[in-house]
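To start, the structure itself, in structure tokens.
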Amino acid sequence: MVGADFPVWLRTAHWINVLFIGLLVRSGIQILGSYPRLYWTKYAAPGKEWLKFTKWRPPSDGRLWTTLEAEADVSPLIGQPGGNNLGLGRHWHFFSVAFWILNGVIYVILLFATGEWTRLIPTSWSIIPDAWHTFVTYITFHLPPQSEFHPYDPLQQLAYAGVVFLLGPFLILTGAAQSPSVEAQFPWYSRIFGGRQRARSLHFLGLLAVIAFTIVHTAMVIITGLGHNLGDIMLGTDQAATQGIAIALGVGVIVVILAIYALTSWVSLRRPRMAQHALGAVIRPPMRLLADETRSRQEYPKEDISPVFLVNGAPPDSPEFLSLMWQEFSGYRLEVKGLVKRSLSLSLHDLRMLPKQTQITQHNCIQGWSSVGEWGGTPLSKVLDLCEPLPEARYAVFWSFSRDTKGEPFYEVIPLTLARHPQTILAYEMNGGPLPMSHGAPLRLRAETLLGFKMTKWIERIELVEDYSTIREGQGGSREDNRYYELYAAI
Ligand SMILES: Nc1nc2c(c(=O)[nH]1)N[C@H]1C(S)=C(S)[C@@H](COP(=O)(O)O)O[C@H]1N2
Ligand SMILES: [Mo]
């Protein structure tokens with residue numbers, strides 16, 4: 001059985017948990033800001049959201065708009081790191097989740113190894129009427145006697161057990177259900193939650209539960225005796241003589257945690273590239289594993305095709321591209337060069353002569369929206385077979401006719417292993433018709449296990465390289481360079 005004293009590992013795990021939950025909440029709000037709309041529908045379509053946190057509306061004059069315009073700025077007071085910063089928000093979220101889970105696993109192991117679990121897990125059904133009784137006591141503005149708090153009062157015990165064993169796992173499971181790579185490998189898994197948009201809404205409800213728990217928990221700690229309670233969680237024992245020290249220590253730890261949020265946000269905003277690399281060192285290896293090891297295929301039924309497929313990326317407007325477009329791309333040539341045995345220059349007709357593949361898949365934008373569409377085109381592996389990459393070729397660079405947010409040609413890099421994935425295609429058709437201009441005509445990449453930003457639209461040429469670090473800012477694509485996204489875009 002447990003004594004009244006809290007062991008040191010339990011107290012440490014509690015405060016580490018506070019630190020990372022705070023980082024997860026802050027970075028989660030940051031990520032939500034990138035597409036601040038939530039859906040119970042299967043796909044994300046304007047006007048179908050059940051909740052939104054923005055006044056921005058799509059233009060009503062029919063002008064083409066892109067989802068990048070629909071992002072909202074987040075105050076650094078509630079977002080990590082603040083501003084318009086999806087890339088670093090995600091870095092902070094995934095970095096924190098790694099340490100939060102590690103801390104949680106150690107905590108649960110020790111809980112069972114030491115017998116402390118009896119403090120948390122109810123062993124008799126009488127907990128329910130007992131908890132109800134406590135609830136009635138509180139709701140009528142009374143406090144239960146102090147003696148009821150050892151180890152915990154029933155309501156408190158139920159709430160803690162619920163947070164540790166239900167809410168925590170729920171957040172992990174609904175988070176994982178939003179990964180395009182998980183979805184591609186285990187389509188049944190995402191379906192449990194009703195698809196990515198519902199998983200995202202459920203994940204948000206989990207966030208609300210975390211916030212509500214934190215508020216009530218903190219209020220109860222204060223109401224039921226700040227000195228007693230901080231004595232337990234700071235010093236391990238609750239003695240009248242040391243309550244002052246316990247309160248000072250407790251306030252001190254909270255101030256340090258808040259200072260960590262402020263400082264890490266400030267550094268991230270001042271030195272974004274450094275933050276991208278430092279956090280990336282932790283999150284990149286697992287992301288890479290998830291991205292690389294995906295062989296399975298997605299196949300959605302025709303009825304799942306979204307009536308509205310959202311658009312991202314502004315179309316090209318160079319005279320060169322426009323003149324190709326006026327001639328219905330009859331003069332278009334896809335150039336394939338770099339580390340290849342044979343450089344290629346393929347017309348759309350040449351591409352159509354190669355084997356054609358169609359697939360109905362879900363497109364997952366990093367901002368949070370998703371749409372299902374049918375794509376038809378040439379498997380990239382067929383094009384690779386034609387040009388025969390040299391042994392040192394490791395990456396394919398897709399250059400677009402369009403400009404990125406800095407006004408330079410949009411480009412994205414994918415590893416050759418993914419270029420050979422059975423569902424990686426150069427699409428020239430969408431939903432049974434020719435690829436529309438807004439979705440990347442004449443040719444766009446589909447790499448179905450990755451996030452949307454990797455799929456270059458309006459492809460001008462493909463270059464095979466050994467290393468991408470000498471291309472522009474060297475991060476592996478326009479979005480990695482300018483917006484601090486991760487190259488291995490599996491989550
Ligand atoms: N050339 C180019 N390709 C691009 C982009 C872009 O800005 N420029 N945006 C990417 C992003 S972020 C997404 S989500 C998808 C969107 O594809 P869609 O417009 O067909 O939905 O295109 C990707 N390809
Ligand atoms: Mo995107």
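The values are calculated or read from the model by the stated rules, or taken from the named source; none is laboratory data. Note that the structure is predicted; figures quoted are calculated from it, not measured. Glycine also receives a Cβ, built like all others from the backbone with ideal geometry; neighbour counts cover every protein chain displayed. When the accessible area is computed, the model is the full protein with side chains, heavy atoms only, and any ligands, DNA or RNA have been set aside. Shrake-Rupley method; radii C 1.70, N 1.55, O 1.52, S 1.80 Å.
Please report the orientation-averaged projected area of the chain, defined via the convex hull of its C-alpha atoms, in nm².
Reported value for the Cα convex hull: 26.3 nm².
So what is the relative contact order for the chain, in percent, with contacts set as C-alpha pairs under 8 Å and at least six apart?
Result for the chain is 16 percent.
How much accessible area per residue does the chain have, counting only protein heavy atoms and a probe of 1.4 Å, in square angstrom?
45 Å²
Which log10 I(q)/I(0) values, to two decimals, does the stretch 292-405 give at q = 0.16, 0.20 Å⁻¹ under the Debye formula with one point per Cα?
So the normalised log intensities work out to -1.13, -1.41.
Under the classification rounded if a/c is under 1.5, otherwise prolate if a/b is larger than b/c and oblate if not, where does the stretch 223-382 fall, given a ≥ b ≥ c as square roots of the Cα gyration tensor eigenvalues?
Judged from the Cα gyration tensor, the stretch 223-382 comes out prolate (a/c at least 1.5, a/b above b/c).
For the stretch 351-424, report the % of Cα-Cα distances exceeding 16 Å.
65 percent
Hey, what do the phi angles of the stretch 107-118 turn into as Karplus ³J(HN,Hα) couplings, whole Hz, using 6.51/-1.76/1.60 and θ = phi - 60°, x for Gly and Pro?
My calculation for the stretch 107-118 gives 4, 5, 4, 5, 4, 7, 6, 9, x, 5, 4, 5 Hz in order.
What per residue convex hull volume, in Å³, do the alpha-carbon atoms of the stretch 248-288 yield?
For the stretch 248-288, the hull spanned by Cα atoms encloses 75 Å³ per residue.
At 1.4 Å probe size, with the rest of the protein present, what percent of the exposed accessible area of the chain is carbon and sulfur atoms?
That fraction is 66 percent.
Using only the Cα atoms of the stretch 143-266, what are the Rg and Dmax in Å?
When restricted to the Cα atoms of the stretch 143-266, Rg and Dmax are 19.3, 59 Å.
With every protein chain left in place and a probe of 1.4 Å, what is the accessible surface of residue 363, to the nearest 10 Å²?
10 Å²
Counting residues in the stretch 448-491 as N, plug N into 2.2 N^0.38 Å and put the Cα Rg over that result.
My calculation over the Cα atoms of the stretch 448-491 gives 1.17.
In nm, give the distance between the simple-model label positions of residue 215 and residue 392, each being 7 Å from the Cα along the Cα-to-Cβ direction.
Going by the 7 Å Cα→Cβ label model, 6.1 nm.
Once you compute Rg and the Kirkwood Rh from C-alpha atoms, what is the Rg to Rh ratio for the stretch 1-127?
So for the stretch 1-127, dividing Rg by the Kirkwood Rh gives 1.18.
Quick check: Cα centre of the stretch 266-309 to Cα centre of the stretch 163-231, how many Å?
20 Å
At 7 Å along Cα-to-Cβ for each site, give me the label-to-label distance between residue 84 and residue 132 in nm.
Rounded to a tenth, the inter-label distance reads 5.4 nm.
Given the C-alpha atoms of the stretch 1-46, compute the convex hull and give its volume per residue in Å³.
Measuring per residue, one finds 126 Å³ for the Cα hull of the stretch 1-46.
Roughly how compact is the stretch 84-146, stated as its Cα Rg over 2.2 N^0.38 Å to two decimals?
1.81
Kindly write out, for the stretch 420-432 in residue order, the coupling ³J(HN,Hα) from the Karplus curve 6.51 cos²θ - 1.76 cosθ + 1.60 (θ = phi - 60°), rounded to whole Hz, with x marking Gly and Pro.
Result, ordered by residue: 9, 4, x, 9, 8, 10, 9, 8, 10, 10, 9, 6, x Hz.
Just the accessible area for residue 455, please: 1.4 Å probe, Å², rounded to the nearest 10?
About 10 Å², ignoring ligands and nucleic acids.
Over the stretch 383-491, what is the relative contact order in percent, taking alpha-carbon pairs closer than 8 angstrom and at least six residues apart?
Dividing the mean separation by the residue count of the stretch 383-491 yields 31 percent.
Using 0.36 nm per residue, how much length does the chain from residue 63 to residue 106 gain when fully extended, once their Cα-Cα distance is taken away?
Gain in length upon complete extension: 10.1 nm.
Taking Cα centroids, how far is the stretch 49-71 from the stretch 454-491 in Å?
27 Å
Treat each spin label as a single point 7 Å out from the Cα along the C-beta direction, and report the residue 249 to residue 317 distance in nm.
So the label points at residue 249 and residue 317 sit 6.3 nm apart.
Just the C-alpha atoms of the stretch 297-483: what Rg/Rh do they give, with Rh taken as the Kirkwood radius?
Taking Rg over the Kirkwood Rh, I get 0.93.
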